[in-house]
1. With a Förster radius of 51 Å, plug the Cβ-Cβ distance of C:Thr2 and B:Thr118 into 1/(1 + (r/R0)^6) and report the FRET value to the nearest 0.05.
2. If the chain between A:Glu432 and A:Ser177 were fully stretched, how many nm would it gain, using 0.36 nm times the residue separation less the Cα-Cα distance?
3. Could you tell me the center-to-center distance, by alpha carbons, between region A:1-53 and region B:4-59 in angstrom?
4. How big is the charge dipole of region B:2-75 about its Cα centre, in debye rounded to the nearest 20, if each Lys and Arg gets +1 on its Cβ and each Asp and Glu gets -1 on its Cβ?
5. Percent of accessible area on the protein assembly as shown owned by carbon and sulfur, 1.4 Å probe?
6. Near A:Lys166, which aspartates and glutamates are there with a Cα under 16 Å away, not counting those fewer than 8 places off in the same chain?
7. Could you please state, rounded to a whole Å, how far the C-alpha centre of region A:268-320 is from the C-alpha centre of region C:20-66?
8. Between 0 and 90 degrees, rounded to the nearest ten: what's the tilt of helix A:259-269 against the longest Cα principal axis of chain A?
Amino acid sequence: MKAVGARLPRYDGLGHVVGETTFVDDVRVPDGNLWARALRSPSHAARIVRLDTRKAAELPGVHGIVTHEDIPRNVYGHLEALGVPADEPLLAEDEVRYKGQPIAVVAADSEEEAQAAVEAIELELEERDTLFDIRKAFDPDAPKIHPWGNWFPYFGGPDEGPDRRKVRKGDIDKAFSDADTIVQGVYRPAAIEHCPTETQVALVVPEASGRLVIYSCTQAMYFSMGVVAAHLEVPLNKLKFVGGTVGGGFGGKVDTAAETLSGLLALKTDRAVKWRWTREEEFLASSTRAPWHMEIADAVTSDGWILGRKMLTLHDAGAYARFSPYGLTKHAFHHAGAYTIPNIHFDGFVVFTNRVPTTAMRGFGVTSVSFAVETHISRIANTLGLDPYEFRLKNANRVGDTTPNGVTLTDPSTVATIHAVAEAAGDTLAPEYAAMTSEPRSGPLLPDHLVTQQRDGRSAHA
Amino acid sequence: MKLTVNGRAHDLASDPLRPLLHVLRDELDVTGPKAGCQQGSCGTCTILVDGEARRSCLTPLALVDGAEVTTIEGLGDATRLNALQAAFHQYYGAQCGFCTSGMIVAAHALLERNPAPTRHDIQTALAGHICRCTGYVKILDAIEAVARGETFTETNGDRQPGVEESVAKTGVSG
Amino acid sequence: MTSEILLPTSQEEAIASFGDGGGLTVLGGGTALMPELAAGGPSGLRVLCLARAGLDGVSRSNGSVTIGAACPISALEELDEPLATAARHVADPEVRAQATVGGNICVEASAESPRGDLQAPLIALAATGRSSGAGGERTEPIENFLASRDGRLLLEVSYPDTSRVAGYAVARRPHAHHYPIMAACAARDSGTTRVAVTGAARTGHRCTSVEQALASGATADDAAARVVDDVAGELRDDALASAWYRERVMPTLVARALAQLEEGSA
Ligand SMILES: Cc1cc2nc3c(=O)[nH]c(=O)nc-3n(C[C@H](O)[C@H](O)[C@H](O)COP(=O)(O)OP(=O)(O)OC[C@H]3O[C@@H](n4cnc5c(N)ncnc54)[C@H](O)[C@@H]3O)c2cc1C
Ligand code: FES
Ligand code: FES
């Protein structure tokens with residue numbers, strides 16, 4: 001165990017400090033490369049009436065243009081392996097659903113020539129109504145902006161309907177009628193652009209054998225390989241991925257961005273093609289962390305117990321599903337936070353809007369729900385006039401407590417964590433709270449309402 | 001147009017308005033300076049023009065005709081790190097590394113001008129440089145360490161192996 | 001298409017090369033021009049580069065301070081107030097070392113952000129601009145130059161070298177550096193107060209309503225509120241701030257700048 005707890009030098013640190021690390025944009029190929037640029041939707045929502053690339057193709061320096069017609073399999077879904085159908089075209093076909101959505105890509109001798117060709121592509125759009133506010137997605141008169149409707153319809157776990165993640169535990173109505181107070185809160189963390197200093201970039205070099213060598217800045221190498229192979233309809237041995245050097249990702253380089261289209265251009269032109277997104281494209285069209293809308297109502301007692309929680313989560317997927325159903329699923333696990341709440345009523349929806357598709361960022365889904373839960377816990381303590389540490393410590397998970405999903409906890413660390421927070425903040429706890437441990441509940445820490453929840457648990461390993 | 005880059009003289013016939021960044025990266029294959037934004041807003045493309053820190057993406061070739069340009073590659077290599085490079089390595093000032101060459105070059109220009117900067121001086125001098133990974137603290141620590149004369153050729157206590165040892169470990173050679 | 005570059009080595013040569021300015025783009029430090037070109041702007045330009053034309057100095061003589069159009073903004077950081085503070089707030093040290101005073105006065109505001117943060121302090125200092133172009137050379141108050149700068153080559157700006165008190169208040173937006181959203185500048189010289197704002201309208205703007213209110217004895221706060229009249233109908237709405245925000249914050253900035261005048265003269 002030489003590495004654990006030791007400060008080791010970064011394995012790639014030396015290359016970084018001398019400028020020798022080879023990022024994708026630094027890779028050089030013998031005969032040079034063509035440069036790609038994309039025609040992106042100038043509209044948030046529109047029908048494509050006409051797309052004509054003929055004039056652009058004639059411009060000097062242009063070697064090839066790819067539209068949806070050139071793609072063996074244009075529509076592919078990130079969750080197909082889980083049985084969720086595909087919804088997102090690699091290049092827009094008849095509809096554009098977010099501003100910045102790619103419609104065509106051009107490869108030319110220089111970035112300037114590629115850009116000139118992009119501007120020469122003739123595009124005619126018929127504007128459609130837009131939807132940006134997830135709260136309005138369910139209104140009867142809301143515009144229908146996604147082929148599946150305005151929210152994701154393919155959940156359907158054993159105890160839930162197809163259109164939501166649903167968690168039910170205990171007797172929520174009894175909890176609310178037994179409560180002394182109901183404390184409500186609405187939490188709306190905003191979208192965040194990952195903004196890596198290296199923008200999305202790919203370089204694809206065709207080999208004589210027909211294999212593509214793909215230099216990629218992806219954070220998810222084998223996943224990206226699968227995505228490219230699916231769109232190209234080629235076996236994995238036709239792709240050689242070179243990756244592992246990422247100029248910042250933070251989750252924003254999980255979804256495959258530049259590799260597939262660069263590969264298609266390389267196949268079409270039989271030349272190496274590099275596509276380096278501009279900073280503006282990165283802000284406009286790369287995925288962001290999702291915005292969420294979360295509503296919490298807690299049934300609480302004056303002496304500081306949480307009897308029940310009702311929660312609604314709306315997860316803004318942007319225009320296509322990608323991994324959002326997975327992000328929402330985190331809310332279905334984490335909406336009680338590190339606290340024990342015996343009665344639960346949770347509904348979560350993945351909602352489509354005309355925003356850029358959203359994705360992972362530093363704790364996909366968990367950070368947003370944790371923000372809401374911890375803020376709400378403090379709000380309850382304030383409302384009841386209780387010390388926020390003491391309120392947390394009482395309700396903190398103990399061995400034998402069960403989660404909203406019914407898993408029995410065997411090694412929760414909430415009590416120790418809160419003790420550590422108090423110490424780091426220089427706050428002194430009352431002796432009985434400082435003495436608390438994660439040991440199974442008993443005595444005053446095991447009121448009647450927590451007895452049944454312990455009985456109903458099941459092992460996490462079952 | 002004439003340009004000396006890291007000691008090597010070049011004669012260039014490029015468009016006089018071409019950004020120096022592209023001349024360096026695409027014509028001279030000097031890839032240490034990075035194209036983070038190409039709008040002057042991030043600092044990853046920073047180089048030295050006659051010793052002063054400049055954004056190479058904002059600098060048309062015509063403005064540096066006859067100048068001496070130094071990039072990260074000109075400051076040291078993996079077998080002979082300059083003090084800032086060693087400090088960034090040792091203090092974890094480089095994480096993904098994409099901002100690093102610009103940061104080190106700008107810090108170098110600062111220390112040449114002001115060998116004993118305060119932390120505030122360093123922050124001011126690097127105000128145009130974005131790092132999305134480190135949170136800046138380790139970068140400031142590294143530059144401060146150089147400013148107070150810390151040396152980096154020996155194993156530094158129990159913090160971590162010294163630079164030479166990590167050169168051997170990573171197998172990087174000059 | 002390759003660009004053509006003209007590199008005059010004296011002021012006279014620059015004036016002659018510029019002529020009436022037709023078909024020419026002037027290059028100062030390029031910090032505004034280069035990002036526009038990178039974003040797919042015109043190629044094959046004819047460019048007049050001022051770097052070697054001897055226009056980069058600052059001099060103090062005959063009761064005035066004169067700054068060449070090609071002078072880097074960094075050279076103003078210790079000059080007279082409120083110009084010096086305004087200069088220190090432009091971009092970051094590396095951009096300031098390259099960007100020129102002329103570029104800052106002649107740059108068009110972009111769709112995303114106002115630029116030209118030196119315009120207001122120069123108006124407050126009662127600066128004049130000397131320029132050449134169709135009809136020959138002309139020297140005029142900087143606010144007049146800003147209103148008719150198309151087709152002009154700015155050569156230098158000057159302002160009276162007197163002792164005065166000055167005020168500067170800014171609202172900034174954090175970036176890698178802190179980008180000024182808007183700022184108010186005030187300068188009082190022998191009892192006369194000049195006030196100007198930057199980042200509020202298309203160019204730096206002299207606040208005559210505020211000045212008149214002060215001259216007729218209004219309190220500083222009441223006078224500051226009049227800035228809304230000065231920029232009415234011209235308020236910018238961009239990525240840094242909405243017109244709504246600007247309208248509400250501008251009076252506070254003017255009031256702060258005026259308050260500094262009182263502190264300065266006390
Ligand atoms: C990262 C970054 C941050 C910035 N922050 C700020 C800021 O905080 N405040 C601010 O005001 N600006 C800011 N800018 C914009 C710009 O840098 C400044 O306005 C700068 O002063 C422009 O000067 P320049 O010499 O570089 O102009 P250039 O790019 O050379 O020229 C700008 C325009 O003026 C014209 N021009 C230049 N000189 C003359 C002349 N003598 N006569 C006639 N026309 C001329 C050019 O033709 C061009 O149209 C920022 C830019 C960047 C990249
Ligand atoms: S690439 Fe030059 S400052 Fe970002
Ligand atoms: S180390 Fe990644 S941006 Fe600075």
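The values are calculated or read from the model by the stated rules, or taken from the named source; none is laboratory data. What you see is a predicted model; the values in this text were computed from it and never measured. Cβ placement follows ideal geometry from the backbone for every residue including glycine, while neighbour counts extend to all protein chains displayed. These accessible areas exclude ligands, DNA and RNA; they are computed on the full protein's heavy atoms, side chains included. Shrake-Rupley method; radii C 1.70, N 1.55, O 1.52, S 1.80 Å.
1. Here the calculated transfer efficiency is 0.65.
2. 88.8 nm
3. 19 Å
4. Numbers: 7 positive and 10 negative charges, 44 e Å.
With only Lys, Arg, Asp and Glu charged at Cβ, the dipole is about 220 debye.
5. Within the protein assembly as shown, the accessible surface is 51 percent carbon and sulfur.
6. In chain and number order, the partners are A:Glu295, A:Asp347.
7. 45 Å
8. 10 degrees
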